[in-house]
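Comments concern the structure below.
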């Protein structure tokens, strides 16, 4: 006898989206540690060359944006579309910070490549994400 319960829709990210989300998560842990670590202990930082020319406020802001991206990736893994919007917002803020600290516009625009890749990987599964 079959169960009368309706079948639950199983949500799956798909391999490439899941790989990308884990890459975003891991890389932003590194970004946050590197930038915030550069403020706390510049001599131990992997960003040693950059710490002399980058204002400490920018290192702190970029580190905190990395933390926001970590939370955003976790939200996306949990199928919350707000994580995508947060990643786009972080890219826009990082773009402005990069321009203010003197990074050229072409390299600053590269920060939007990640959100664009994420969008194209999410697009076929957009309806699975909760608003």
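The values are calculated or read from the model by the stated rules, or taken from the named source; none is laboratory data. From a predicted model like this one, the values you see are computed outputs, not experimental measurements. Every residue, glycine among them, receives a Cβ derived from its backbone with ideal geometry; neighbour counts consider all protein chains shown.
Cβ-Cβ contacts under 7 Å between residues 6 or more apart (or on different chains), taken from a first residue in the range 1-24 that is farther than 25 Å from residue 87 by Cα to a second residue that is part of a loop (DSSP other than H, G, I, E, B) and at pLDDT 60 or above, are absent. Just one of the numbered conditions (1) in contact with a strand residue (DSSP E or B) (Cβ under 8 Å, 6 or more places away or on another chain); (2) farther than 19 Å from residue 21 by Cα is not true of residue 93: (1). Among the residues examined, residue 55 qualifies as surrounded by fewer than 16 Cβ atoms within 10 Å (Cβ to Cβ), more than 30 Å from residue 10 (Cβ to Cβ) and in contact (Cβ under 8 Å) with a residue 40 or more places away in the chain. Of the residues screened, residue 117 is not one that is crowded, with 17+ Cβ neighbours inside 10 Å, modelled with pLDDT of 95 or more and more than 11 Å from the chain's Cα centre (by Cα). Taking the range 1-88 as the region of interest, the helices (runs of 4 or more DSSP H) fully inside it that hold 3 or more residues being modelled with pLDDT of 90 or more and more than 18 Å from residue 119 (Cβ to Cβ) are 15-40, 56-77.
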